[in-house]
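A short worksheet on the structure shown next.
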Amino acid sequence: MLTPRIVISGFEPFGGDSINPTEQLVKDFSGTVAAGFEVVGIVLPVVHRHAAEKLCSVMEDLRPTAVISLGQAGGRTAVTPEKYAVNVADYPIPDNAGNQPKGVPLASDGPAAYVSTLSVHELTAALLERGLPAFVSYSAGTYVCNEVFYAVSRFREIHGFPFIHGFIHVPYIREQQLGQVNPRPWVEYGYLRDVLSAVLTYVARKGVVFL
Ligand code: PCA
């Protein structure tokens, strides 16, 4: 009998920041139970190839019903479920190991893009209904987040695992903008917690069909 599980992934800080709210979210929710699903959290390095490999390597063992990946997108004003993962690494800044691929395909024989298997429009509507600001994003960028989104989508297809996979970018939290003369948009951490709770409830309801 499979244990019904949802995997959530987040990232360590990057780009000179000392906080990544997605690391905090993963640590807070890991080990909890959401609508009958065990939540397993994984914090990924912001490193070319290694991030995606770390997440894919646990899929065989965990056999999750859903994988919800989270990443920080500084400057956004609300959480944004991502619709597409694109087949390119074109890092605007070096990763945490100093890699900076420029215009390199993620998979030379892969499709130009994958579409999220999480219904981002329905999820966004569900968040809005609960009073939680959100909007669909059509670009997860070309950095490590897009790479993880693409790699997990590809892994899922190649291995024939039916798990739902979604990627959600989150804004800065207030603690990252303290004392800034010209702050970037930020949100309260409690809002991100409420969003993740709502996402897990939504996904748990959808995921039952795969058990
Ligand atoms: N955000 C970056 C990588 C890690 C993270 O949290 C991105 O959007 O690609």
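Taken over region 29-56, the residue count meeting the criterion of being in contact (Cβ under 8 Å) with a residue 60 or more places away in the chain, of a type outside the set (G, A, S) and within 13 Å of the ligand (Cβ to nearest atom) is 5.
Of all the residues in region 125-136, those that are of a type in the set (A, V, I, L, M), part of a loop (DSSP other than H, G, I, E, B) and touching a Ser or Thr at 6+ places or on another chain (Cβ under 7 Å) number 1.
Inclusion of V39 among residues that are open to solvent by less than 10 Å² (accessible area, probe 1.4 Å), over 18 Å from F155 (Cβ atoms) and not in a strand (DSSP E or B) is not warranted. Considering each residue of region 186-211, count those that are over 26 Å from P13 (Cβ atoms), of a type outside the set (A, V, I, L, M) and open to solvent by 10 Å² or more (accessible area, probe 1.4 Å), and give that number. Final tally of qualifying residues: 5. The residue that is farthest from S9 (Cα to Cα), among those in region 91-147 that are within 16 Å of the ligand (Cβ to nearest atom), more than 15 Å from the chain's Cα centre (by Cα) and of a type in the set (D, E, K, R), is K102.
Name, by its number, the condition in (1) part of a loop (DSSP other than H, G, I, E, B); (2) open to solvent by 10 Å² or more (accessible area, probe 1.4 Å); (3) more than 23 Å from M59 (Cα to Cα) that does not hold for E122. Among (1) part of a loop (DSSP other than H, G, I, E, B); (2) open to solvent by 10 Å² or more (accessible area, probe 1.4 Å); (3) more than 23 Å from M59 (Cα to Cα), the lone unmet condition for E122 is (1). Considering only residues in region 42-77 that are out of contact with any Lys or Arg (no Cβ under 8 Å at 6 or more places or on another chain) and hydroxyl-bearing (S, T, Y), the one that is least open to solvent (accessible area, probe 1.4 Å) turns out to be S69.
Within region 148-185, if we keep just the residues that are among the β-branched types (V, I, T) and open to solvent by 10 Å² or more (accessible area, probe 1.4 Å), the residue that is nearest to the ligand (Cβ to nearest atom) turns out to be I164. Of all the residues in region 31-55, those that are among the charged types (D, E, K, R) and touching a Pro at 6+ places or on another chain (Cβ under 6 Å) number 0.
For region 6-28, the set of residues classified as assigned to a helix (DSSP H, G or I), more than 10 Å from the ligand (Cβ to nearest atom) and either open to solvent by less than 50 Å² (accessible area, probe 1.4 Å) or closer than 19 Å to G98 by Cα (or both) consists of L25, V26, listed by residue number. Look at (1) in contact (Cβ under 8 Å) with a residue 60 or more places away in the chain; (2) closer than 21 Å to Y189 by Cβ; (3) away from the ligand (no atom under 16 Å from the Cβ) and you find that A78 fails only one, number (3). Of the residues screened, S197 is not one that is under 19 Å from the mean Cα position of the chain (by Cα) and within 15 Å of the ligand (Cβ to nearest atom).
The values are calculated or read from the model by the stated rules, or taken from the named source; none is laboratory data. Since this is a predicted model, take the numbers as computed values, not measurements. Ideal geometry is used to build each Cβ from the backbone, glycine not excepted, and the neighbour counts take in all protein chains shown. The area values use the complete protein model at the heavy-atom level, side chains included, leaving out ligands, DNA and RNA. Shrake-Rupley method; radii C 1.70, N 1.55, O 1.52, S 1.80 Å.
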